[in-house]
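The values are calculated or read from the model by the stated rules, or taken from the named source; none is laboratory data. In this text, all values refer to a predicted model and were calculated from it rather than measured experimentally. Because the Cβ atoms are built from the backbone with ideal geometry, glycine has one as well, and the counts that use them run over all protein chains shown. Ligands, DNA and RNA are stripped out before the accessible areas are found, and what is left, the full protein with its side chains, is counted by its heavy atoms. Shrake-Rupley method; radii C 1.70, N 1.55, O 1.52, S 1.80 Å.
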Amino acid sequence: MYDEEQRPDQHGPLAGFTVGVTAARRADELGALLQRRGAAVLHAPALRIVQLADDSELLAATKQVIDEVPDVVVATTAIGFRGWIEAADGWGLGEDLLQRLRGIELLARGPKVKGAIRAAGLTEDWSPSSESMAEVLDRLLEEGVEGRRIAIQLHGEPLPGFVEALRAGGAEVLGVPVYRWMPPEDIGPVDRLLDATVSRGLDALTFTSAPAAASLLTRAEERGLLPELLAALNHDVLPACVGPVTALPLQARGVDTVQPERFRLGPLVQLLCQELPARARTLPIAGHRVEIRGHAVLVDGALRPVPPAGMSLLRALSRRPGWVVARAELLRALPGAGRDEHAVETAMARLRTSLGAPKLIQTVVKRGYRLALDPAADAKYSDV
């Protein structure tokens, strides 16, 4: 769908950054939001969604809701609720199911679920302002659940403590599994995404479901890359999750994530627009303001795409601004450069051309190269 060769069409807040997308559902929407803000996007669905219209579990749960009418039904996702109604129609049980749902307490997790409920000719009794299952749980427990039968339309993600808390309060809980997460049929894109993450070819990696996060971790473990993946996510690649439930598999592995206040794609992208530029290194060099991003550099606000080898050199130089970095050290920073220091000279020439300001990097004869840090900044970085 997307690839790492894309470049931003215009200078936006994410120009020069590469963002990984693990979503299976709504990946096009998320990718478009990121690209409109200038990001390059690498997409690899970590999971696929398998509808359960012919699944015996869903059929059995539907019949149970019809035959043993629950006191409360909790609808968690719009796609899941619609899928449930459509599957029931396919079995000839649609009208019976709707009839039961009309006479009981119907809770909707958020506005999209409310829309799906109303499209089915039903009306929700309540929906939390936070769009959080935790608030749904609080309401149910405050009402009292002892002796009540509660059906929950599951959405493929773990609901930690939710069912357990209801059962501990004396409720009978019925799960309604509408669709299931499965590994992708083609694992190749996931492997490429993992390789890009551990090699720091990404600046951020986005997650919109807990199963996708768990799937990526599992695949990394299968390939022996889990330590490298966790190191990348803890230090160089920003893990961004749409909400706290999505973040749970990563947190269980000791990875801290960023999350928007509202658990939606738009706020997730806006969060990246704040976080990634704030993490970029900005230096005063040769009278210019230079901001070093993932695969590009802003020179006085102008976007300058830079080849990967050039970015490797620039990062090596920026770790010690103003200090001379030897050719041998720069050679080690080049990916797959071998032992020929001439590769450094070739990559450096291309880097200077890409930056459009050759004097940003000075050649120090017989020693190496240095960033031409402005004199006023020398003291600040002299002890780096």
Quiz item: At a probe size of 1.4 Å, how large is the accessible area of Trp323, to the nearest 10 Å²?
Solution: 110 Å²
Quiz item: Taking a spot 7 Å from the Cα of Leu141 along the direction of its beta carbon, which residues of region 78-108 have an amide N less than 18 Å from it?
Solution: none
Quiz item: Counting only heavy atoms of protein chains, what accessible area per residue, in Å², does region 258-345 have with a probe of 1.4 Å?
Solution: 48 Å²
Self-check item: Selected from Ala87, Ala60, Pro211, residue furthest toward positive end of dipole (the chain; charges at beta carbon)
Solution: Pro211
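Could you work out [θ]222 nm for the chain from helices alone, using -39500 (n - 2.57) per DSSP H run of at least four and dividing by all its residues? Round to the nearest 500 deg cm²/dmol.
Details: 16 runs with 168 residues, N = 384.
Computed ellipticity for the chain at 222 nm equals -13000 deg cm²/dmol.
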Quiz item: What's the carbon and sulfur percent of the chain's accessible surface, probe 1.4 angstrom, rounded to a whole number?
Solution: 49 percent
Practice problem: Can you tell me what the convex hull of the Cα atoms of the chain projects to on average, as an area in nm²? | Solution: 22.1 nm²
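In whole percent, what relative contact order does the chain give with Cα contacts below 8 Å and a gap of six or more residues?
On the way: 708 pairs, mean separation 55.8, N = 384.
Result for the chain is 15 percent.
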Practice problem: With all protein chains present, calculate the accessible area of Lys114 using a 1.4 Å probe and round the result to the nearest 10 Å². | Solution: 60 Å²
Quiz item: Quick one: putting +1 on the C-beta of Lys and Arg, -1 on the C-beta of Asp and Glu, what dipole do you get for region 153-215 around its Cα centre, in Debye to the nearest 20?
Solution: 120 debye
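What percent does the relative contact order of region 108-222 come to when contacts are Cα pairs within less than 8 Å and at least six residues apart? Walk me through the numbers on the way to the answer.
Working: 98 pairs, mean separation 21.9, N = 115.
The normalised contact order for region 108-222 reaches 19 percent.
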Quiz item: Give me the log10 of I(q) over I(0) for region 114-187 at q = 0.14, 0.17, 0.28 Å⁻¹, as the Debye formula computes it from C-alpha points; what are the numbers?
Solution: -0.56, -0.78, -1.39
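How would Thr282, Thr363, Thr246, Thr123 line up by accessible area, probe 1.4 Å, largest first? Walk me through the numbers before you get to the answer.
On the way: Thr282 50, Thr363 70, Thr246 5, Thr123 100 Å².
Sorted descending by solvent-accessible area, the residues read Thr123, Thr363, Thr282, Thr246.
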Quiz prompt | In range of the label at Asp236: residues from region 344-369 whose backbone nitrogen is under 20 Å from the point 7 Å along Cα→Cβ | solution = 344, 347-348, 351
Quiz item: If you place +1 on the Cβ of every Lys and Arg, -1 on the Cβ of every Asp and Glu, and leave all else neutral, what size is the dipole of the chain about its Cα centre, to the nearest 20 Debye?
Solution: 2180 debye
Quiz item: With each pseudo-label sitting 7 Å past Cα toward Cβ, what's the Glu172-Glu105 distance in nm, one decimal?
Solution: 1.7 nm
Quiz item: D for region 77-212, whole µm²/s, Stokes-Einstein with Kirkwood Rh over alpha-carbon pairs at 4 °C and 1.567 mPa s: what number?
Solution: 75 µm²/s
Self-check item: 1.4 Å probe accessible area per residue over region 17-66, in Å²
Solution: 36 Å²
Quiz item: So which aspartates and glutamates can Lys112 reach, going by Cα to Cα under 19 Å and dropping same-chain residues fewer than 8 places off?
Solution: Asp28, Glu29, Glu86, Glu124, Asp125, Glu131, Glu135, Glu157, Glu261
Quiz item: Just the accessible area per residue of region 91-163, please: how many Å² with a 1.4 Å probe?
Solution: 46 Å²
Exercise. Run down the aspartates and glutamates and flag those whose C-alpha is under 13 Å from the C-alpha of Lys63, throwing out any fewer than 8 positions away in its chain.
Key: Asp55, Asp89, Glu95, Asp96
Quiz item: Which FRET efficiency, nearest 0.05, do Ala326 and Ala280 yield, Cβ-Cβ r, R0 30 Å?
Solution: 0.70
